[in-house]
Amino acid sequence: MKIHHIGYLVKHVERAQRALETLGFSVVQQKVRDELRKIDVEFLEKDGYCIELVSPCETDSVVSELRTRIGNSPYHICYEVEDIDSEVMRLRNSCWVVSSGLMAAPALGGRRVCFLVHPYLGMIELLEKE
Amino acid sequence: MNRDEVCARLKEVFRDVFDRDVELRDATTAADVSGWDSLNHIILIGTIEDEFGIKFAMKDAVRMTNVGELVDKIIELAR
């Protein structure tokens, strides 16, 4: 299990991108629309650290409610795993609750991801290894 | 575990999740509790699983619509 990126929930991807560029980050993947989850996603990198910008593009996006609740903020760490199915099962047995089940992520080359929440820690994303 | 014990422990779980006392009746739904949104529902499920040492099937976690059903399911799983 290796950290892949930190996810930021933002209202405006372009404006957040400019803010990250002032910190030295560069875009490594331009904005992609995930039609299923109704979000825009973009990746930036600096010194080997990767940040994912996520913005709801519809009011009924999967993250609209959360963005309204927490504002512009980091909201998950994504871990890349060898076997996502067994990792989900393993974490499910340790109080992690699936908030968004396994699905392909267009912004990550169609690799499957899964979001889980721990009541005492918050949200993570699992990403299957290429 | 009887129903009263489950309700008492569940009340503590709600206090922990919502940072206040929440009046719980069987008919209480998310709409009756300020702050019981989709994220807090997930946190509630995880906290209940930890408190009672149980694991909900995800379809049940989504399907339970009021506190009474939640208590019934906890009793069933804790047997």
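Mind listing whichever residues of segment A:55-104 are away from chain B (no Cβ under 14 Å), in contact with a helix residue (DSSP H, G or I) (Cβ under 8 Å, 6 or more places away or on another chain) and hydrophobic (A, V, I, L, M, F, W, C)? Matches in segment A:55-104: A:81 only.
Applying the criterion of being surrounded by fewer than 19 Cβ atoms within 10 Å (Cβ to Cβ) and not polar (S, T, N, Q) to the residues of segment A:30-42, the residue that is modelled with the lowest pLDDT is A:36. Please verify whether residue B:23 is farther than 28 Å from residue A:63 by Cβ, part of a loop (DSSP other than H, G, I, E, B) and either more than 12 Å from chain A (Cβ to nearest Cβ) or touching a Lys or Arg at 6+ places or on another chain (Cβ under 7 Å) (or both), treating the condition exactly as stated. Yes: the conditions hold for residue B:23. The set of residues in segment A:111-121 being under 27 Å from residue A:16 (Cβ atoms), surrounded by 14 or more Cβ atoms within 10 Å (Cβ to Cβ) and within 14 Å of another protein chain (Cβ to nearest Cβ) consists of A:114, A:115, A:116, A:117, A:118.
Against the numbered list (1) in contact (Cβ under 8 Å) with a residue 24 or more places away in the chain; (2) touching a Ser or Thr at 6+ places or on another chain (Cβ under 9 Å); (3) under 17 Å from residue A:97 (Cα atoms); (4) not basic (Lys, Arg), residue B:54 comes up short only at (2).
Given the structure, is residue A:51 modelled with pLDDT of 95 or more and over 30 Å from residue B:49 (Cα atoms)? So residue A:51 fits the description; yes.
Residue A:27 passes every criterion in (1) modelled with pLDDT of 95 or more; (2) within 14 Å of the chain's Cα centre (by Cα) apart from (2). Considering every residue within segment B:27-34, establish whether at least one is touching an Asp or Glu at 6+ places or on another chain (Cβ under 8 Å), touching a residue at least 24 places away in the same chain (Cβ under 8 Å) and of a type outside the set (Gly, Ala, Ser). No; the residues of segment B:27-34 include none that is touching an Asp or Glu at 6+ places or on another chain (Cβ under 8 Å), touching a residue at least 24 places away in the same chain (Cβ under 8 Å) and of a type outside the set (Gly, Ala, Ser). Among the residues of segment A:1-29, the one identified as hydroxyl-bearing (Ser, Thr, Tyr) and surrounded by 14 or more Cβ atoms within 10 Å (Cβ to Cβ) is A:8.
Residue-by-condition table, conditions (1) in contact with a Leu (Cβ under 9 Å, 6 or more places away or on another chain); (2) assigned to a helix (DSSP H, G or I); (3) within 19 Å of residue A:121 (Cα to Cα); (4) away from chain A (no Cβ under 14 Å):
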residue	(1), (2), (3), (4)
B:34	no, no, no, no
B:40	no, yes, yes, no
B:43	no, yes, yes, no
B:65	no, no, no, yes
B:73	no, yes, no, yes
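Pairs meeting the criteria (first residue in segment A:59-71 and over 18 Å from residue A:105 (Cα atoms), second residue of a type in the set (A, V, I, L, M) and in a loop (DSSP other than H, G, I, E, B), beta carbons under 8 Å, at least 6 apart or on different chains) are A:67/A:10. May I ask you to verify whether residue A:108 is under 21 Å from residue A:20 (Cα atoms), surrounded by 18 or more Cβ atoms within 10 Å (Cβ to Cβ), in contact with a His (Cβ under 9 Å, 6 or more places away or on another chain) and not charged (D, E, K, R)? Yes: the conditions hold for residue A:108.
The values are calculated or read from the model by the stated rules, or taken from the named source; none is laboratory data. Since the model is a prediction, treat every value here as computed from it, not as a measurement. Neighbour counts run over all protein chains shown; Cβ positions are idealised from the backbone, glycine included.
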